[in-house]
Amino acid sequence: MKKIHRTFLRKGLRKVEEAADFYRYQREAKISDLVYIPKPGKKDLSPESDRYARRIDISRGRSRLSGIKPVYAAVFLLVIITAAALASFYIYRDKLNFKKTDQAVKLDNESLSRIDMVDISGSGYGIINRINQEKTPEFYSSGDVLLSDFNEARMLVKKGFFNKAIIILNRIANSNASFPVKEKSDFLIRFIMGSDEKVYEEIDLKLINEKPYLYRGSAVKFTGKAANVKEIKSGTAFSVMIGYDGNNFKGVCEVYDSSKGIVNNGDIVEVQGLFILNIGKVGAPYISAEKVSVVSKSSI
């Protein structure tokens, strides 16, 4: 700035010294003779101007930032997409969460027609009890949410994803849903339990023990060591130490099978069957076995 001011002063002094008639020059002198003034509408880009210097600095700054801004934009966009994906996963994790490895039962046309007849969409009202004297494990504050859950469960049954459907149906059956809706949910649960085709899945014992009523009728599979084998009049009852590795096990389930002579104490077995309920003080899952396979015989 000081250098620019000195330039202006030297220029003005030179003009005064070169004037033949000082008094006439004084009257006729123009500011533009002493100072550079840009034309209207155009920015001052003279090398002496502050604006020129600022513009150069800004241009340099932009050139430095030009390679950074796209990176920031890409990172910001990636964060937004990731956050949206995680939120969607959290909200809809129970909604149609199919995997490529999921196995489903294929239903015939007669079964599909029976399921189609089980409908609550025409009710319009009265599908939930807003004032319920009994406290229920599950609660629906809106009939629309209940209707959405029921329709989703029915669709899952039709697609053969029984274990996914039965959790929703048991939620409805143990909620403030009206009696007719519970009846229709129970019908679909019985349909699943009575089906000859099932996909048996290992279900975390912790999930079953937290809310056993949600898993009633689920097709489960457990592997472990047989213990407390007792043959009774109608079959065989025994316990399975789930996940037994020689020293430790994850938990215990109680099993009933209508056959006899199928297992001995100490055998490592795989049990496939229906989870019915939790029994005993410990609340061990009770399994109605449909298939018991001996993986390895006891060495005792």
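Here are some notes:
- For the listed residue pairs K164/K225; K182/K291; K158/K221; K106/K158, the alpha carbons are over 19 angstrom apart in K164/K225; K182/K291; K158/K221.
- Estimated FRET transfer efficiency when R0 is 41 angstrom, pair L207-N151 (beta carbons, to 0.05): 0.95
- Relative to one another, the C-alpha centroids of the stretch 237-297 and the stretch 153-225 are positioned 20 Å apart.
- Filter on K260/K297; K135/K211; K159/K184; K233/K297 - keep pairs with C-alpha separation over 26 Å: none
- Sorted by Cβ density within 10 Å, fewest first, the residues D245, D257, D186: D245, D186, D257
- When M117, M241, M155 are arranged by Cβ crowding within 10 Å, least crowded first, meaning fewest neighbours, the order is M117, M155, M241.
- Net charge of neighbours whose Cβ lies under 14 Å from the Cβ of E110, counting Lys and Arg as +1 and Asp and Glu as -1: -1
- Net +/- balance of residues flanking M193 in space, Cβ distance below 14 Å, scoring K and R +1, D and E -1: -1
- Diffusion of the stretch 109-194 by Stokes-Einstein, at 37 °C in a medium of 0.692 mPa s and with Rh set to the Kirkwood radius over alpha-carbon pairs, works out to 254 µm²/s.
- Per-selection Rg to Rh, the stretch 205-296 - Cα, Kirkwood hydrodynamic radius: 0.94
A short reminder: the numbers here are calculations on the coordinates, not readings from a lab. Values in this document were obtained by computation on a predicted structure and should not be read as measured data. All Cβ positions, even for glycine, are placed from backbone atoms using ideal geometry, and neighbour counts span all protein chains on display.
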